[in-house]
1. Take the Cα coordinates of segment 1-65, assign each an equal point scatterer, and use the Debye formula without solvent to give log10 I(q)/I(0) at q = 0.15, 0.16, 0.22 Å⁻¹.
2. Just name one of 82, 127, 115: the one whose Cα is farthest towards the positive end of the charge dipole of segment 48-145 (beta-carbon charges, Lys/Arg +1, Asp/Glu -1).
3. Any idea which of 273, 255, 240 is furthest toward the positive side of the dipole for segment 227-286, if Lys and Arg beta-carbons carry +1 and Asp and Glu beta-carbons -1?
4. Fewest Cβ neighbours within 10 Å first, please rank 37, 139 accordingly.
5. I need the Debye-formula profile for segment 16-144: one equal scatterer per C-alpha, no solvent, reported as log10 I(q)/I(0) at q = 0.22 1/Å, two decimals.
6. All other residues with a Cβ under 9 Å from the Cβ of residue 259 taken together, and with Lys, Arg as +1 and Asp, Glu as -1, what is their net charge?
7. Using the Karplus curve 6.51 cos²θ - 1.76 cosθ + 1.60 with θ = phi - 60°, what ³J(HN,Hα) values do you get for each residue of segment 185-190, in whole Hz, with x for Gly and Pro?
8. Would you mind checking which residues have amide H under 5 Å from residue 38's amide H? H placed 1.01 Å from N; only 5 or more apart, or other chain.
Amino acid sequence: MNRYRLVHVTQFSYDGPVTDSYNEVRLQPLQDDYQSCLMFQLKTDPAVSNAMHTDYFGNTVQRFNVLHEHRRLRIEADSVVLVQDPRPPPNGVSLSELQGLEDELEEQYDFLHPTGYVPHLADLREFMSLAEAGSGGMCSGFASSAMKIVHDRFRYEKGATHVHSSIEDSLRNRSGVCQDFAHILLAVLRMRGLPARYASGYLVPLRAAQPGASLEEVVGGQASHAWTEVFIPGEGWFGLDPTVGAPVGRQHVRIAYGRDYGDVAPIRGVYRGHAGQHMSVDVRVRPALNEEGCEILEETAAVPVVVPDAPAHQPQQQQQQ
């Protein structure tokens, strides 16, 4: 089963009244040859209208403003998406051929250079050497080897980093969440001359892929997921998930692409007021069809679970877990 219903609920509760809340949401699944967004609906409480545009990287963005006084903001994104099996990993070109492909790689300029979240650090050269040793001399082999190194060398630990953490924090602690691991892999690939982009989305739990699964049977309280895609000259883009330690499969639902997390934050906003905020997030996934092949149309049972407080007056955005 590769047709999924996704419900992403985020709630901001404020210590007092706030006004002038301006928000951008990137929660609509991508539409391309390997994934179809069959339905998307965005609801807010307080209820306001929203406008839509496509950003520089081709992601769909909804914008809405809550100008009147309020003490809570609830954002619910409801999607149905069909995910196809990805292409098998390519043979691609050899690492020695990279220098002769400047013209093709120049088209991916944005995904070759360091960013604030993805600095090119001397500490990563050890990972580059290890990845090259296990690459078999091929670009695709280097990318796969680098992914496994990040997966093996770092411990998944919620709370080890925060939404604005640099990869320096994870390198120092040897821990982090999917957002950190994606950034580290991005840096290793880019430093070797391979274009790489940050992918934001969801990882469907295995048990949620079963036709009989209900909202209550899948993993609740999950934030959105993140991984890395690498560009292999002559072949195109291919996804690698360093958190899982495997190539991207049909359980990965893609929402947005960017240079790093800063380009694809699922929810970003600001508000006016002296009140602090408290954020809760819940993501639920289940098949969009039941065992008889009929559409599942029940209302979501998703109830936000608590994540750590955000300081007052900071942007309203969440870390990807």
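1. Taken in order of the listed q values, log10 I(q)/I(0) reads -0.60, -0.67, -1.08.
2. 82
3. 273
4. 37, 139
5. These q points yield log10 I(q)/I(0) values of -1.29.
6. Taking every Cβ under 9 Å from that of residue 259, the sum is -2.
7. 5, 4, 5, 4, 5, 5
8. Under 5 Å from the amide H of residue 38 lie the amide H atoms of 80, 81, 82, each far enough along the sequence or on another chain.
The numbers here are math on the coordinates, done by the rules we state, and not lab data. No experiment lies behind these values; they were computed from the predicted model shown. In this analysis, Cβ positions are derived from the backbone assuming ideal geometry, glycine residues included, and neighbour counts consider all displayed protein chains.
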